[in-house]
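Visitor: One structure is given below, represented as structure tokens, and several questions about it will come after.
The values are calculated or read from the model by the stated rules, or taken from the named source; none is laboratory data. Quick caveat: nothing in here was measured; it's all calculated off a predicted structure. Note that each Cβ is placed from the backbone with ideal geometry, even for glycine, and that neighbours are counted across all protein chains shown.
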Amino acid sequence: MATQSLISTRALPGRSVLAGVAALALTFTATACGGADNAPTAAPTTTVRLVTHGSWAASPEVLARFTAETGFELEVLPADDAGAMVNQLILTKDAPLGDAVFGIDTTFASRAVEAGILEPYTSPAGGPEQVEHAADESGQLTAVDFSDVCVNADTRLVANGADLTLDDLTKPEFKDQLVVENPTTSSPGLAFLLATIAAKGETGWVAYWQALRDNGVKVVSGWDEAYYAEFSGPSSGGSRPLVVSYASSPPSETPEGAAAPVTAAALGTCFRQVEYAGVLAGAANPQGARRLVDFLLSDAFQADLPSQMWVYPVKAGTALPRAWARFAPLAPEPWTLPAATIAAHRDEWLAEFTDRVLG
């Protein structure tokens, strides 16, 4: 049996990383294939295995509180994008990869629930915000944070970037300036697609995307590629001044004490996205998984979210970094769609996007 330690140094998909944040050490055990004597051993019940997306980050001192308060060690198993993570959990639901999951978002919540990968759990740490942000009535998902997926503009190149609307993106002056993520492979990409469907309706969104295509929109596989390789922002290496990212991204690109943001979110383009945690059905340590879900709603973890994962804590009254009031305002009227509508039409919308936009 060989044990290998990994240090995650990846940028946070969908969010930017604070300079100097320590990388999170992730440990897993790999067992060689063989006969019955060499069969993989189950994780000890003193360990809670958390399956999450690549954006996971938390302060070491906060995670230490979880172990001190519960007696459970936390093993973090990162996937890639939230969409890929959900698909992986569905494929492995008969032999769950972990005990709990964090990072299933609005765009994929119905798929996770319908696939039966979760067990119902209502955390005693939850409050009225759980009703406000509930994915559905099944009680399988616990809201932990939320954010707005929006077009972000490099304000050095697009002076009115914060005021852009969806219609503006099809205008000649913005030709070849926008990069977006593929909604079939990316959670923020799917959120942006849903924003356009909410805005243009089920009969108008395809024509809108064809107008975007005629105006030179570039579609890439995921947020990392869009933000860091194609976007022209200070931390990026590309040339396109418009990218689908998050309303909470600009503070990470704005120097401390700056009077104006270097990048800005166009609040008229945003789709409200909630992230959830849950207990995986068939978990080896369901008790530990429930305690972990409770901990994700604790004051300590909620207060840690903005500086670590660049999202808004779901718990009302949690203090936010001062810069967020100026550089990361939420959209006053984000685009939304009912969860039932997303569940009923997501697959056909993605198929049509692939055929009519990518094809």
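Visitor: Determine which member of the set Ala265, Ala258 is assigned by TED's automatic domain parsing to the domain that holds Val179 and surrounded by 24 or more Cβ atoms within 10 Å (Cβ to Cβ).
Guide: Ala265
Visitor: Where residues in the stretch 212-232 are in contact with a Pro (Cβ under 8 Å, 6 or more places away or on another chain), in a loop (DSSP other than H, G, I, E, B) and at pLDDT 95 or above, which of them is nearest to Leu350 (Cα to Cα)?
Guide: Selected residue: Asn215.
Visitor: Here are some residues: Gly83, Gly54, Gly103. Which one is buried (at least 17 other Cβ atoms within 10 Å of the Cβ) and assigned to a helix (DSSP H, G or I)?
Guide: On the way: Gly54 fails: assigned to a helix (DSSP H, G or I); Gly103 fails: assigned to a helix (DSSP H, G or I).
So the residue among Gly83, Gly54, Gly103 that is buried (at least 17 other Cβ atoms within 10 Å of the Cβ) and assigned to a helix (DSSP H, G or I) is Gly83.
Visitor: So, one more: Only one of Ala125, Ala95 is closer than 21 Å to Pro306 by Cβ, in a loop (DSSP other than H, G, I, E, B), at pLDDT 95 or above and not hydroxyl-bearing (Ser, Thr, Tyr). Can you tell me which?
Guide: Only one candidate qualifies: Ala125.
Visitor: Among the numbered conditions (1) outside the structural domain of Ala115 (by TED's automatic domain parsing); (2) within 18 Å of Ala195 (Cβ to Cβ); (3) touching a helix residue (DSSP H, G or I) at 6+ places or on another chain (Cβ under 6 Å), tell me where Pro332 comes up short.
Guide: Checking Pro332 against (1) outside the structural domain of Ala115 (by TED's automatic domain parsing); (2) within 18 Å of Ala195 (Cβ to Cβ); (3) touching a helix residue (DSSP H, G or I) at 6+ places or on another chain (Cβ under 6 Å), the one that fails is (3).
Visitor: Picking from Arg356, Arg326, Arg322, which residue would you name as being closer than 20 Å to Trp209 by Cβ and among the basic types (Lys, Arg)?
Guide: Arg356
Visitor: Taking only pairs six or more apart or across chains, which ones have beta-carbon atoms under 8 Å, a first residue in the stretch 189-209 that is free of Cβ contacts under 8 Å to residues at least 24 places away in the same chain and surrounded by fewer than 23 Cβ atoms within 10 Å (Cβ to Cβ), and a second residue that is part of a helix (DSSP H, G or I) and among the basic types (Lys, Arg)?
Guide: Listed by first residue and then by second, the contacts come to Ala207/Lys200.
Visitor: Between Thr341, Thr269, Thr336, which is at pLDDT below 95 and within 30 Å of Ser232 (Cβ to Cβ)?
Guide: Thr336
Visitor: Among the residues of the stretch 66-73, are any out of contact with any helix residue (DSSP H, G or I) (no Cβ under 8 Å at 6 or more places or on another chain), assigned by TED's automatic domain parsing to the domain that holds Asp304, at pLDDT 95 or above and not in a loop (DSSP other than H, G, I, E, B)?
Guide: Within the stretch 66-73, the first condition is being out of contact with any helix residue (DSSP H, G or I) (no Cβ under 8 Å at 6 or more places or on another chain), and the residues that meet it are 67-68, 71.
In the following step, the residues that additionally are assigned by TED's automatic domain parsing to the domain that holds Asp304 were identified as 67-68, 71.
Pick out the ones that are also at pLDDT 95 or above and you get 67-68, 71.
In the following step, the residues that additionally are not in a loop (DSSP other than H, G, I, E, B) were identified as 67-68.
Within the stretch 66-73, one or more residues are out of contact with any helix residue (DSSP H, G or I) (no Cβ under 8 Å at 6 or more places or on another chain), assigned by TED's automatic domain parsing to the domain that holds Asp304, at pLDDT 95 or above and not in a loop (DSSP other than H, G, I, E, B).
Visitor: From the list Pro306, Pro338, which one is closer than 19 Å to Pro188 by Cα and touching a Phe, Trp or Tyr at 6+ places or on another chain (Cβ under 7 Å)?
Guide: Checking each option against the conditions leaves just Pro306.
Visitor: Within the stretch 106-136, track down each residue that is among the polar types (S, T, N, Q) and buried (at least 24 other Cβ atoms within 10 Å of the Cβ). Break it down into steps so the answer makes sense when it comes.
Guide: Of the stretch 106-136, the ones among the polar types (S, T, N, Q) are 106-107, 110, 122-123, 130.
Residues satisfying the conditions are Thr106, Thr107.
Each row is one residue, and each column tells you yes or no for (1) more than 18 Å from Trp223 (Cβ to Cβ); (2) in contact with a helix residue (DSSP H, G or I) (Cβ under 6 Å, 6 or more places away or on another chain); (3) assigned by TED's automatic domain parsing to the domain that holds Ala316.
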site: Ile104; (1), (2), (3): no, yes, yes
site: Thr107; (1), (2), (3): no, yes, yes
site: Ala115; (1), (2), (3): yes, yes, yes
site: Thr165; (1), (2), (3): yes, yes, no
site: Pro188; (1), (2), (3): no, yes, no
site: Phe192; (1), (2), (3): no, no, no
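Visitor: Further question: Checking the structure you have, find out if any residue of the stretch 156-163 is crowded, with 18+ Cβ neighbours inside 10 Å, at pLDDT 95 or above, over 19 Å from Ala266 (Cα atoms) and in the same structural domain as Thr336 (by TED's automatic domain parsing).
Guide: Taking every residue of the stretch 156-163 in turn, none turns out to be crowded, with 18+ Cβ neighbours inside 10 Å, at pLDDT 95 or above, over 19 Å from Ala266 (Cα atoms) and in the same structural domain as Thr336 (by TED's automatic domain parsing).
Visitor: Please list, ordered by first then second residue, the pairs with beta carbon atoms under 9 Å, 6 or more apart or interchain, first in the stretch 278-304 and within 17 Å of Arg65 (Cα to Cα) and in the same structural domain as Ala58 (by TED's automatic domain parsing), second assigned to a strand (DSSP E or B) and at pLDDT below 95.
Guide: Correct list of pairs: empty, since none qualify.
Visitor: Determine whether the stretch 132-146 contains at least one residue that is polar (S, T, N, Q) and in the same structural domain as Ala247 (by TED's automatic domain parsing).
Guide: The answer is no; no qualifying residue exists.
Visitor: Hey, another quick one. Between a first residue in the stretch 223-234 that is surrounded by fewer than 19 Cβ atoms within 10 Å (Cβ to Cβ) and a second residue that is in a helix (DSSP H, G or I) and not hydrophobic (A, V, I, L, M, F, W, C), which pairs have beta carbons less than 6 Å apart while being 6 or more apart in sequence or on different chains?
Guide: Within 6 Å, the pairs are Pro234/Glu253.
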